Each structure stands twice: as C-alpha cells, then as structure tokens.
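The values are calculated or read from the model by the stated rules, or taken from the named source; none is laboratory data. Source: prediction; values computed, not measured. Don't worry about glycine lacking a Cβ; one is built from the backbone with ideal geometry, like all the others, and counts go over all protein chains shown.
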Amino acid sequence: MAFTTVIALLLATSSIVVSQNSSSPSSTSVANASQTSSAPASFVTNLELSVEDLWDLYVGPVSTFSINTTVQPTPIPSSSLIPPPSLYYPSFPTGQQVPLQSKNESWRFPKTFWYGVAGASYQIEGAVKAEGRGPSIWDVLSHRVPGYVITNETGDNADNNYYMYKEDIARIAALGIKTYSFSLSWSRILPFGSGPVNEQALLHYDDLIDTCISYGVTPMVTLYHWDLPLFLQNSYGGWLSEKIVPDFTEYARIAFTRWSSKVHYWFTVNEPIVFCGFYPLPENFFKKTDIPKKQQPYFCGHNVLLSHSAAYRLGKSINSSLSISFKTNGGYKIPRTDSAADAQAVQRAWDFQEGWFANPTFLNGDYPPNLKSHVETFLTPFTDAQKEQINGTCDIFAHDAYTSDFIEAPESGIEACIANSSHTLFPSCYNTTKLYANNYWAIGPASDPGSPWLYKATDWVPAFLHYMQDTWKPRDGVAITEFGISEPYEELRTNLASIVIDPLRSAYYRDYLSAILIAISEGVNVVGTLAWSIYDNMEWSQGYSVKFGIQYVNLTTQERYFKASAFEYVNMFNVYQEK
Ligand code: BGC
C-alpha cells in the first residue's frame, strides 16, 4: 500500500503528537537539530510512516479468517425459513391469524413505514487490514489495552462481513426485510482519516450498496459508528479538537458524492453521548491531552455538533432530497417518586442525554439550560453563526431507544452535587436505577448481565415516542434506529436448537412493536425501525460474550442461523403493515 504519512514524534514521551498527512517528505528529518533546549516537550521530529507501519507500531499482528475473498451468496434453503412454534399465548382473544398471532384490528403500520436491521463496520466487517484499511482507535483499544475488552477479543475477523456481505444481504432479503443500515469504516476510505483516498474501499462499498439494491433492500448509511481513524486521534486528539470538523466534512463529502444517487437515508454519527463518553481514553496509548478528564466528553460533543452540521449542510448542497440526521440514544426517563427533586433530576437527565445533541439541532442551535450552565464554565459558547449552522440539521429524530430508567435526585440533593465537582454524579447530578421505589421490583425482565443498562421496559415506549415528538418536533418524524436486547446467558448455550429460540428477545420485539402501533394510533409520526442487530457481533468492550443478533453466527465456521426473534420481528409487519 502506497499511502504514507508524516507524524511528529514527541521524543521525550514517545507518543505521537502532531501532524498533517501529506505527501511524504523524501527522508526522515529531526526538527531543530542544531538547537539546544532544556524543555523536553519541545523535542519533536517527523517520521514518514506507511499504513503498514501504523499497524505495526500501534496495533501489532492481527488475525485473519480463512475466507478472505468475496463470497457469492448461496441460496437460502426454504427449510431455514419455517417460523418457530408459537412461544406465547395471545393477550387478546380476537381470533387466530396467519401466522402465529392474534391481530388488533385498530393497529396498523403505514405503507411507507420502513423496517430493517442494523450493523456497524467494526462490529461486523472483520478483515481489518484488508485492502488498505488504516487502524482505528478500536484496533488499539482491543489489541493493546489490557482488559478494555473484557474477553480480550478483537474485531479482527468479527462476522467476516467484509467478504460475506452478499450472503448477509441475501439472508435478510429472504426473510422479507427491506432495509439494511450499516456504517462505513472511515479508516478504510481514508486510511489516515484525511488525505489519500483508498479506491479499493470505495469499490467495496459500491458493491455492498449495489447488492442491497439488487435484492430490493434499501441501504441506509451511517458515516461514523465509533471507529475513529487512529491517525486523527494521535494527530490532534480526534473529537477533542476542532481540527476534526474539516476532516469529517471532507470524509462526508467523499461519501455523499459517491453514493447520494443510490442512498437516500444518511446518519452522520451514531450515539455521540456514548462515543464522547469514551473520553478520556486510556492513558499511554494515544496522544496526550491537557483537557481535564471530566471536560473531555463536552469538547467532543462540541466538535461533533460542528462536524455533523457542516456535513448535513454539505450533503444537502450535493443532493437536497437526502434525509440526513444523526442517531441519538437514551431510554425513557421516569421520575422515581413524585417529589419535586426527582422531577428536577428527570429534566437534568433529558438535558445531559438526548437534549445535549437534540436541543441544538432541533430547537435553537444551543445546549439545553442545565447543560449550558455547566459547559460554558470551560467551553466558548457557540457563536450566533455556529448556532445558525447547527439549528435545523436533522430531518428525522433517529433514536436508539433500547430501554427505560427510573431517575432520582442524588441522595445529597441536586444543589450540593452541582456545587461539588468531585461528587461522583457531577456534573449531571441525577441518579438512575432499574428498581421501582419499593427497591424490590425491577422495571422489567433483565437482559444478559453483560448489558446491565438494559431491561425490557417496553410498556414505556408509547410515552417515550410522544415525548420525542412533542419535545423536538422533528419535521420528518421519529425513527427507532436501534432497538434490541441481549438474551440472558445466550453465550452459555451450546447446542443450536437452544440458541435459536430466544424468548425474551422475541417478546421484546413483539411488545415493542405493539407499543409503536399504539403510539401511531395515538398520532405519533413513527416512520421506521431498525432491529439491532442483523446478527451477533463484536459487542465492544464485552467482546462476543453478549449477543444482540436476530441471527446466530458460529464464529468458527462463520455460518449464520435465523433465531426465532427474526421471525417475530418480521411477522409484526406481515400482520400489521398496510399492503
Ligand atoms: C450501539 C451498538 C451496540 C448496541 C448494544 C448501541 O448503543 O450503537 O453499537 O452494539 O448499542 O450495546
């Protein structure tokens, strides 16, 4: 691979600090060679590094899978498309329908409602070094940082989707699923995050998109699902620096220009609340920063809003008919008691979660009050021009809404927490719990212990959908762009027949979609859903131990199998969608 870059190496600490990616200088040079200095921080040199060097120095060897060329799809045997036996009794006795369940005649999904499945590049692609991909921060986190992934697993092979995407698309199409949402790997397209563009990556995504279209599956593209090009993190601190704004915008320009005639739905970033929460990154593996730890997520958020809005406006200038949004995340927030303090805590929770990104884009270009009063103690407020740039830059309210939480004020009281920056709940100063105020019953059945944040709490979904619509008033409606549940202890099951029957996940999809039907019947404009996930995958710091798939993947053979929940999900649309 011919791509090289220049990085400046801080000799005193050996961490990569600066640079620009550019055409390479002819030789390595040492800056200020003839000067003396007693300040080690000023010792900086330039190194010419190839993509391969970046891998070797920062990640080390990676593993590869035996299937390493694009696989042609095999016909999906009709025997694998037989729905499972009924897992439950209908809750209302209006007569047996075909197949599987009773029908509430007052519910319907409109004809235009889209339903699909979702995945993300690092979690499913594998083939991490193939065809010029540069490393991302997740290659370092999984390979180099002990215990960051609790199982010490990596995304090196994941689901081998980079080579098996045709099969994957054929399988969802065979189920009747008409939408597939995936993310692009930024460091495949731009191995250094900016600079030289990798044509092989573009060709790969060309074919992925064309394959979707040939199967009648609508492709939906997310530009960024957490796999930041390593070079950008080590050049200037990644999302901590405003330098990321032009780099992200240029990356978006490449994608919009190439695919806007084939892809209508775009998501700029996935769940900034979560990936800004990755900061501070573990020490001694990335470029150092002087930004105080507790402030880092908010520097990230600031630059995300600037990057997203710049990309949105650019995308619209390329093709004004595109639907462009970001994906936020969070659960419904229920006051744990009827006290005034808990009501206040709930508002803080909205402001520090959804409101952080949704208020600026949907309401007024600026942070919600509780967040603003904190953030402006260390961040320059958005200028009027920036507010104008940010405001109005989401077409749909795309929310990854998995669960719900009870919210309460900190025991010491909200004011005491706000006044004490070393309080564990500072700066948001609210508490969450899954237990009702009686401290005995949980909000619903728990998911796998590896995802303690997630319980099945589908009863709250109608209220949540109303809240989204009433609060942020999205012009093109609300979409649930990720929802799903990890079946408890699924990884302990060893035989196929027990793995593929996933009763909690099946009930989750049935009840969640029923709740959406209720909200639609009450006037909420819900426009689509994406089940997370197309299949079991690399669940970030949980490795492969926690399963979210509606398909099981045997990671030794890379064979895929439908689970019962896949049929439950599709069946709800077979029964309720207007033909
Ligand atoms: C993320 C996915 C993740 C899923 C389950 C979502 O918030 O976007 O990447 O796998 O949650 O934890």
Of T218, T211, T289, the only residue that is modelled with pLDDT of 95 or more, surrounded by fewer than 22 Cβ atoms within 10 Å (Cβ to Cβ), touching a Phe, Trp or Tyr at 6+ places or on another chain (Cβ under 7 Å) and farther than 19 Å from D395 by Cα is T211
Go through region 545-558 and give me each residue that's buried (at least 20 other Cβ atoms within 10 Å of the Cβ) and not in a strand (DSSP E or B).
V546, K547, F548, G549, I550, Q558
Is it the case, given these coordinates, that L363 is within 27 Å of T222 (Cα to Cα), modelled with pLDDT of 95 or more and surrounded by fewer than 17 Cβ atoms within 10 Å (Cβ to Cβ)?
yes
Within the set of pairs 6 or more residues apart or between chains, which connect a residue that is free of Cβ contacts under 8 Å to residues at least 24 places away in the same chain and away from the ligand (no atom under 16 Å from the Cβ) inside region 252-270 to a residue that is part of a strand (DSSP E or B) and not acidic (D, E) with Cβ atoms less than 9 Å apart?
none
Please find, within region 229-264, the residue that is farthest from T218 (Cα to Cα) out of those that are more than 19 Å from the chain's Cα centre (by Cα) and aromatic (F, W, Y).
Y236
Would you point out which residue out of L496, L504, L492, L517 is under 30 Å from R144 (Cβ atoms), surrounded by fewer than 22 Cβ atoms within 10 Å (Cβ to Cβ), away from the ligand (no atom under 14 Å from the Cβ) and among the aliphatic types (A, V, I, L, M)?
L492
The conditions are (1) at negative phi; (2) not in a strand (DSSP E or B), and L223 fails exactly one of them. Which is it?
(2)
Sort out which residues of region 486-515 are out of contact with any strand residue (DSSP E or B) (no Cβ under 9 Å at 6 or more places or on another chain), outside any helix (DSSP H, G or I), more than 20 Å from Y402 (Cα to Cα) and of a type outside the set (S, T, Y), and write them in order of number.
R493, N495, I501
Any idea which residue in region 371-385 is nearest to A349 (Cα to Cα), counting only those that are out of contact with any Pro (no Cβ under 9 Å at 6 or more places or on another chain) and not in a loop (DSSP other than H, G, I, E, B)?
S373
Filtering region 226-270 down to residues that are charged (D, E, K, R), surrounded by fewer than 24 Cβ atoms within 10 Å (Cβ to Cβ) and not in a helix (DSSP H, G or I) yields E242, K243, K262
Could you tell me whether any residue of region 272-293 is of a type in the set (G, A, S) and in a helix (DSSP H, G or I)?
no
Given the condition of a type in the set (G, A, S), in a helix (DSSP H, G or I) and either buried (at least 19 other Cβ atoms within 10 Å of the Cβ) or at pLDDT 95 or above (or both), answer yes or no: does some residue in region 154-171 qualify?
yes
Residues of region 209-229 being within 19 Å of F248 (Cα to Cα) and either without any contact (Cβ under 8 Å) to a residue 24 or more places away in the chain or more than 16 Å from the ligand (Cβ to nearest atom) (or both), which ones?
P229
Please enumerate the residues belonging to region 317-337 that are surrounded by fewer than 20 Cβ atoms within 10 Å (Cβ to Cβ) and within 14 Å of I396 (Cα to Cα).
S321, L322, S323, N329
Would you mind stating whether I124 is crowded, with 24+ Cβ neighbours inside 10 Å, within 26 Å of A566 (Cα to Cα) and in contact (Cβ under 8 Å) with a residue 40 or more places away in the chain?
yes
Need a quick list: strands (runs of 3 or more DSSP E) entirely within region 394-485 having at least 1 residues that are over 28 Å from S339 (Cβ atoms) and among the small types (G, A, S).
397-400, 478-483
How many residues does region 62-78 hold that are of a type outside the set (S, T, Y) and exposed (fewer than 10 other Cβ atoms within 10 Å of the Cβ)?
3
Among the residues of region 315-337, is there at least one that is more than 16 Å from the ligand (Cβ to nearest atom) and touching a Cys at 6+ places or on another chain (Cβ under 7 Å)?
no
Pick from Y512, Y535: which is within 27 Å of S78 (Cβ to Cβ), surrounded by 19 or more Cβ atoms within 10 Å (Cβ to Cβ) and within 23 Å of the chain's Cα centre (by Cα)?
Y535
Just to be sure before I move on: is A398 in contact with a Lys or Arg (Cβ under 7 Å, 6 or more places away or on another chain) and buried (at least 22 other Cβ atoms within 10 Å of the Cβ) in the structure I sent?
yes
Working only within region 437-471, note down all residues that are among the aromatic types (F, W, Y), in contact (Cβ under 8 Å) with a residue 40 or more places away in the chain and under 30 Å from E490 (Cβ atoms).
W453, Y455, W460, F464
All-but-one check, L530 against (1) over 21 Å from M220 (Cβ atoms); (2) of a type in the set (A, V, I, L, M, F, W, C); (3) within 16 Å of the ligand (Cβ to nearest atom); (4) buried (at least 24 other Cβ atoms within 10 Å of the Cβ), failing number (1)
If T403 satisfies every condition in (1) surrounded by 14 or more Cβ atoms within 10 Å (Cβ to Cβ); (2) farther than 18 Å from P335 by Cβ; (3) of a type outside the set (G, A, S) but one, which is the exception?
(2)
Before we move on, is A341 assigned to a helix (DSSP H, G or I) and either in contact with a Lys or Arg (Cβ under 7 Å, 6 or more places away or on another chain) or surrounded by fewer than 23 Cβ atoms within 10 Å (Cβ to Cβ) (or both)?
yes
L425: passes all of (1) loosely packed, with under 14 Cβ neighbours inside 10 Å; (2) over 30 Å from A519 (Cα atoms) but (1)
A457 fails exactly one of (1) under 28 Å from A158 (Cβ atoms); (2) within 16 Å of the ligand (Cβ to nearest atom), namely (1)
